[in-house]
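What follows is a set of notes on a single structure, which appears directly below.
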Amino acid sequence: MPLDDDGQVRLQKLLAQSGVASRRKCEELMLDGLVEVDGEVVTRLGTKVDPRTAVVRVEGHRLPPMSPHVYLVLNKPRGVVSTMSDPEGRRTLGDVVADRPERLFHVGRLDTDTSGLILLTNDGDFAHRMAHPSYEVDKTYVAEVEGQVHRGTIKKLLAGVELEDGPVTVSRARLVEGSHGRTDRERSIVELVIHEGRNRIVRRLLDHVGHPVRRLTRTELGPVRLGGLAPGEMRELTRTELGSLLDRAQL
């Protein structure tokens, strides 16, 4: 986006080029008092801002700043190690994104035998903040487990479970599917939402309540959903997703 000599751009132009709406509609949003810059409502058309540093909100939603950084969602396949390289020669996240020109960091980790949503970025501050316990967001997992999970087990999970390294708080838990067949062991599919990211926490949690995990997938991370992304596929974070995560990371 071309900037003026003073490094600024008209606010309605920034909004339009960021994909918020047409220039005319963006002007209407400003006149209606629905646009904030650094916490102040801006209604004067022609107001200029620095798109690299200004905290802009439209109807309360954060508009990410203009930045050279990339923010990607990857559906990590099962068997891929959550590192960018591996001295043992195992397949890594670095191998999955080898065709990307950026030097990427992974945000947090997933166990090698766990698939699903992981974020990648070349923004080191963002990666550090999002992985720090102070800024951890809710994580949603879908687990195929051994045995029939009953209502009492769900209540036990929601009441909190004490593991050897401390208690675990489960924000939400529900039984997605249960089955019982002669040719297959009993199994159930459970969805859990937890806040923290201790090592193998979901597997240890479910094992503790008597239901060892067969397969595990992370499907959501805060406002970001895996959706129909196939294993090994990537997409960029949407404007809304990134804005929400930047707010949570206080960036």
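With farther than 19 Å from L158 by Cβ and at pLDDT below 95 as the only criterion, which of G228, G210 stands out?
G228
Results for (1) modelled with pLDDT of 90 or more; (2) aromatic (F, W, Y); (3) in contact with a strand residue (DSSP E or B) (Cβ under 6 Å, 6 or more places away or on another chain), shown as yes or no for each residue.
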{"residue": "T140", "(1), (2), (3)": "yes, no, yes"}
{"residue": "E144", "(1), (2), (3)": "yes, no, yes"}
{"residue": "G147", "(1), (2), (3)": "yes, no, yes"}
{"residue": "L157", "(1), (2), (3)": "yes, no, yes"}
{"residue": "T169", "(1), (2), (3)": "yes, no, no"}
{"residue": "R174", "(1), (2), (3)": "yes, no, yes"}
{"residue": "E177", "(1), (2), (3)": "no, no, yes"}
{"residue": "R182", "(1), (2), (3)": "no, no, no"}
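Here is a yes/no grid of residues against (1) in contact (Cβ under 8 Å) with a residue 12 or more places away in the chain; (2) over 15 Å from D247 (Cα atoms); (3) under 20 Å from the mean Cα position of the chain (by Cα):
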| position | (1), (2), (3) |
| --- | --- |
| C26 | yes, yes, no |
| E36 | yes, no, no |
| V58 | yes, no, no |
| T83 | yes, yes, yes |
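Please specify each residue of the range 195-236 satisfying the condition of being out of contact with any Ser or Thr (no Cβ under 9 Å at 6 or more places or on another chain), assigned to a loop (DSSP other than H, G, I, E, B) and open to solvent by less than 40 Å² (accessible area, probe 1.4 Å).
Passing the criteria: L229, A230, G232.
Give me a count of the residues in the range 8-31 that are farther than 20 Å from R239 by Cβ and surrounded by fewer than 16 Cβ atoms within 10 Å (Cβ to Cβ).
Total satisfying the criteria: 1.
From the residues in the range 39-70 that are in a loop (DSSP other than H, G, I, E, B) and charged (D, E, K, R), which one is most open to solvent (accessible area, probe 1.4 Å)?
Ranking the qualifying residues of the range 39-70, first place goes to R44.
Picking from R109, R129, which residue would you name as being open to solvent by 20 Å² or more (accessible area, probe 1.4 Å) and assigned to a loop (DSSP other than H, G, I, E, B)?
R109 is the lone residue from the list that is open to solvent by 20 Å² or more (accessible area, probe 1.4 Å) and assigned to a loop (DSSP other than H, G, I, E, B).
Quick grid of which residues meet (1) more than 20 Å from P231 (Cβ to Cβ); (2) of a type outside the set (A, V, I, L, M):
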{"site": "L93", "(1), (2)": "no, no"}
{"site": "V96", "(1), (2)": "no, no"}
{"site": "E102", "(1), (2)": "yes, yes"}
{"site": "H106", "(1), (2)": "no, yes"}
{"site": "R109", "(1), (2)": "no, yes"}
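Out of the range 71-98, which residues are closer than 30 Å to R10 by Cα and either surrounded by fewer than 20 Cβ atoms within 10 Å (Cβ to Cβ) or out of contact with any strand residue (DSSP E or B) (no Cβ under 9 Å at 6 or more places or on another chain) (or both)?
Result: L72, single match.
Those residues that are under 24 Å from T140 (Cα atoms) and in a loop (DSSP other than H, G, I, E, B), I need them from the range 83-96; list them, please.
Within the range 83-96, T83, M84 meet the criteria.
I need the full set of residues from the range 132-141 which are assigned to a helix (DSSP H, G or I) and of a type outside the set (S, T, Y), in order please.
Residue satisfying the conditions is P133 alone.
List the residue pairs whose Cβ atoms are under 9 Å apart, where the first residue sits in the range 225-248 and is free of Cβ contacts under 8 Å to residues at least 24 places away in the same chain, the second is basic (K, R) and open to solvent by less than 80 Å² (accessible area, probe 1.4 Å), and the two are 6 or more positions apart or on different chains.
Final answer for the pair search is G227/R235.
The values are calculated or read from the model by the stated rules, or taken from the named source; none is laboratory data. Since the structure is predicted, the reported quantities are computational estimates derived from the model, not experimental observations. Note that each Cβ is placed from the backbone with ideal geometry, even for glycine, and that neighbours are counted across all protein chains shown. Side chains included, ligands, DNA and RNA excluded: accessible areas come from the protein's heavy atoms. Shrake-Rupley method; radii C 1.70, N 1.55, O 1.52, S 1.80 Å.
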